[in-house]
Amino acid sequence: MGYIDDATSRVYSRFCEYEGTMPAMDSFKRYISKYGLPISVYLDRHSTYKGRAKATIEDELFNRYPVSQFGRALDELGVHFIHAHSASAKGRIERLFKTFQDRLIKEMRLRGLKSITEGNAFLERYLPVFNKRFNVEPASNEDLHRPLIAGADLNRILTVRTERALRNDFTIVHEGRLYQIEDTIRADKVIIEDCLNGKRLITYKGRALRYKEITQRPVKVKQPRKIRKAYIPPQDHLWRNFQLLGSCPVRKEEEIFAGAL
């Protein structure tokens, strides 16, 4: 979990609630591919790992608390997460961060590295030497990593999901862009999934929908209004023979004279 690339950079292109989420998911995916699923992870209380949203009424009714996108992905993978309440609680990783932010940068500068590709190639040589020098033997060598759950798709789990309202013309707006849903569905909301490989999916109940990006909403064609004819009850309709209890029967001639027929 130590490579430098566009996804793992702290200065991410999105200055929003999900800043750092895609880098964390990218690193965790590569960690799983190499070691397997951990039982639990120890995290700080950054908004990437701990949800900051206010609990909804539904959350309060079901005794749930808001989780971040990264926390939601860990739940789906069955990985328990523990939040540290102070920097000293995770001193070893903080010292490692200090090394990367100070010593590693100087090492790269001395070698004249100027691109992400060169930095990644240098890390492949630097990290094994660093770990060998400062490695600490664990109290137990038992490997508690687990294999990935059968049928689990990391590309669909490690995504940033955003709920969006579906308009009557089957269009949605996301990040200033307009999308037209081409599948006919009965739904009020759909889910937008931003994947690690750069793809964007629009799903409903887990099913990927066909869509296209458009520049303006489709023009609604007004249907001509149908003129409904007045309903005239037939001669033998109950309305024509209806009488209140105790009322005098009305003769046919009087009905005709009054214009009832």
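The values are calculated or read from the model by the stated rules, or taken from the named source; none is laboratory data. Being a predicted model, the structure only gives us computed values, none of them experimental. Neighbour counts run over all protein chains shown; Cβ positions are idealised from the backbone, glycine included.
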Just to be sure before I move on: is Ser88 of a type in the set (S, T, N, Q), assigned to a helix (DSSP H, G or I) and either over 30 Å from Lys205 (Cβ atoms) or touching a residue at least 24 places away in the same chain (Cβ under 8 Å) (or both) in the structure I sent? yes
Taking the criterion of being modelled with pLDDT of 85 or more, among the polar types (S, T, N, Q) and within 16 Å of the chain's Cα centre (by Cα), would at least one residue in region 16-28 satisfy it? yes
Against the condition surrounded by fewer than 10 Cβ atoms within 10 Å (Cβ to Cβ), of a type in the set (Asp, Glu) and assigned to a helix (DSSP H, G or I), how does Glu58 come out, does it pass? yes
Can you confirm whether region 114-134 contains a residue that is in a loop (DSSP other than H, G, I, E, B), farther than 20 Å from Gly20 by Cα and at pLDDT 85 or above? yes
Please determine whether any residue of region 34-46 is charged (D, E, K, R) and assigned to a helix (DSSP H, G or I). yes
Would you tally the residues in region 120-147 being touching a residue at least 24 places away in the same chain (Cβ under 8 Å), assigned by TED's automatic domain parsing to the domain that holds Ser33 and either hydroxyl-bearing (Ser, Thr, Tyr) or out of contact with any helix residue (DSSP H, G or I) (no Cβ under 9 Å at 6 or more places or on another chain) (or both)? 2
Considering only region 61-78, state which residues are free of Cβ contacts under 8 Å to residues at least 60 places away in the same chain, more than 17 Å from Leu196 (Cβ to Cβ) and not in a helix (DSSP H, G or I). Phe62, Asn63, Arg64, Tyr65, Pro66, Val67
